[in-house]
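The values are calculated or read from the model by the stated rules, or taken from the named source; none is laboratory data. Remember, it's a predicted structure, so these values are computed and weren't measured experimentally. For neighbour counting, all protein chains shown are included, and Cβ atoms are generated from backbone atoms with ideal geometry for every residue, glycine included. For the accessible areas, the whole protein counts, side chains as well, though only heavy atoms, and no ligand, DNA or RNA atoms are used. Shrake-Rupley method; radii C 1.70, N 1.55, O 1.52, S 1.80 Å.
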Amino acid sequence: MYTLRRWWDRHGLQVALVGLTICAALVVRYTQGSAVIELYQWATRPFASSPTQQEQLTNARTLELQNKVQELESQNEKLKELLNYVSPNKKEGILAPIVGRSADHWWQQVTLGRGREDGIKENYIVTGPGGVVGRVVSVTSHTSRVLLISDPSSRVGVTISRSRQMGVMRGQSASRAVMEFFEKVPDVNKGDVVSSSSYSKLFPPGLPIGRVESVNLNKSPAPEAVIELTAPMSLLEWVVVNPYENPGSSEDSDELQN
């Protein structure tokens, strides 16, 4: 017994270290290294810097492309070309800088440094990195005023790209909007892509708008979903104005003219 105790005093620490090493190796093996990765992410999180403005714009552009792909896939699956679907981007857009924006109406309107002499007309569609930004509501010779889709008075006919469930989206003076469904029990999930609807009269169909952040099926009088807009409204400096002729009046539309 005395000999065993002396041996443990000399080698006990080494045995313990070897045992810990073996246990750690087994944990890494059976968790595929996830525990180590999570520990590393937890330890380095306080030192991670927030994304820069350029990174946010790049991320928005990536989301826009992903949304477009999903929308096109959905259109192909539903054979929308048989329903006379018209591509919204047949004409080349006009690049325009944002030259005016009021702090009191940051999420409502912007002024562009391009106008009638540059070929811009009322009701032209304005897009940016991430998708739809708004539409032109007034034009002078050298400037244009844009009503943003984040404005509370803005109404956009939208659809869930995956299920083709339709509704009307209204702005919330923020980077999120609310979609009210036409169906009482819509097929919608968190993360679904939201695009402009083929029923819309103010916007061409198929333009990326956002993604579903949350759903409230118990909302009265109709189910609602919170939509995260993919275009970073607060960071925009340049936009693209796209020619668009309104095919109908507001009386035929699921939106409200402003």
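Values as computed for the structure displayed
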read-out: Residue match in the range 217-231 (condition: open to solvent by less than 30 Å² (accessible area, probe 1.4 Å), of a type in the set (V, I, T), under 18 Å from G130 (Cα atoms) and assigned to a loop (DSSP other than H, G, I, E, B)); value: yes
read-out: Tally of residues being open to solvent by less than 20 Å² (accessible area, probe 1.4 Å) and small (G, A, S) across the range 114-143; value: 5
read-out: Filter result (more than 25 Å from T62 (Cα to Cα) and free of Cβ contacts under 8 Å to residues at least 60 places away in the same chain) within the range 201-220; value: K201, N216, L217, N218, K219, S220
read-out: Per-region count, the range 162-214, residues of a type in the set (A, V, I, L, M), in a strand (DSSP E or B), more than 17 Å from the chain's Cα centre (by Cα) and surrounded by fewer than 19 Cβ atoms within 10 Å (Cβ to Cβ); value: 0
read-out: Number of positions in the range 144-161 that are open to solvent by 30 Å² or more (accessible area, probe 1.4 Å) and more than 14 Å from S196 (Cα to Cα); value: 3
read-out: Residue in the range 195-207 that is under 17 Å from K68 (Cα atoms) and either in contact with a His (Cβ under 6 Å, 6 or more places away or on another chain) or aromatic (F, W, Y) (or both) present; value: yes
read-out: Subset of the range 115-143 (residues that are touching a Ser or Thr at 6+ places or on another chain (Cβ under 6 Å) and either charged (D, E, K, R) or assigned to a loop (DSSP other than H, G, I, E, B) (or both)); value: G115, R116, E117, I120, G130, T143
